[in-house]
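Trainee: Below is one structure. I have some questions about it.
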Amino acid sequence: GATELVLLAAQVDAALGGVGIPKERRPFSAHATLGRVRSPRNTDALLAAIAAEPDGDFGRVPVQEFLLIRSQLSPQGSTYTVVERWPLKT
């Protein structure tokens, strides 16, 4: 749940601080990025699809590993690099 993710985020911050990476200044917010909207062209269709699921249940996805991903933004788009992987116990 959310409590476990907050604890995990604190542990990640502590571990990264140990190797010289500064702590995130913003408060942790558990989330999953499902997609990014680059253009407002089809915003109405996207909002209609979201509204069609009022309970917010968009399905379930099994998670087998936790990834630390570096995101580098540039005018050409984002570049994502897997920094570390941790398999999850099932």
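Trainee: Rounded to the nearest 0.05, what FRET efficiency do Arg36 and Leu7 have when you use their Cβ-Cβ distance and R0 = 22 Å?
Mentor: Details: r = 28 Å, r/R0 = 1.26.
FRET efficiency, Arg36 to Leu7: 0.20.
Trainee: Report Rg(Cα)/(2.2 N^0.38 Å) for the chain, keeping two decimals.
Mentor: Normalised Cα radius of gyration, the chain: 1.37.
Trainee: Please give the FRET efficiency for Ile69 paired with Asp44, using the beta carbon to beta carbon distance and R0 = 41 Å, rounded to the nearest 0.05.
Mentor: Details: r = 31 Å, r/R0 = 0.75.
Efficiency, from the Cβ-Cβ distance: 0.85.
Trainee: Taking the Cα centre of the chain as origin, sum charge times position over the Cβ atoms of Lys and Arg (+1) and Asp and Glu (-1), and report the length of that vector in debye to the nearest 20.
Mentor: Working: 10 positive and 9 negative charges, 78 e Å.
Result for the chain is approximately 380 debye, rounded to the nearest 20.
Trainee: Neighbour counts of other C-beta atoms within 10 Å: give me Ser71, Ser39 arranged from fewest to most. The partial results should precede the final answer.
Mentor: Values: Ser71 9, Ser39 6.
By the 10 Å Cβ count, ascending, the order reads Ser39, Ser71.
Trainee: How far apart, in nm, are two points set 7 Å out from the Cα along the Cα-to-Cβ line at Leu88 and at Ala14?
Mentor: Each label point lies 7 Å from its Cα, and together they span 2.1 nm.
Trainee: Another question about this same structure. Would you compute, from DSSP H runs of 4+ residues alone, the mean residue ellipticity of the chain at 222 nm, taking -39500 (n - 2.57) per run and dividing by the full residue count, rounded to the nearest 500?
Mentor: Values: 2 runs with 25 residues, N = 90.
Mean residue ellipticity, 222 nm, calculated: -8500 deg cm²/dmol.
Trainee: Here's a follow-up. Can you sort Leu46, Leu88 by how many other beta carbons sit within 10 Å, fewest first?
Mentor: Values: Leu46 13, Leu88 9.
Going from sparsest to densest Cβ surroundings: Leu88, Leu46.
Every number in this text was worked out from the coordinates using simple rules, so none of it is lab data. On a predicted model such as this, the values are computed, not experimentally measured, just so you know. No Cβ is skipped: glycine too gets one built from the backbone with ideal geometry, and neighbour counts run over all protein chains shown.
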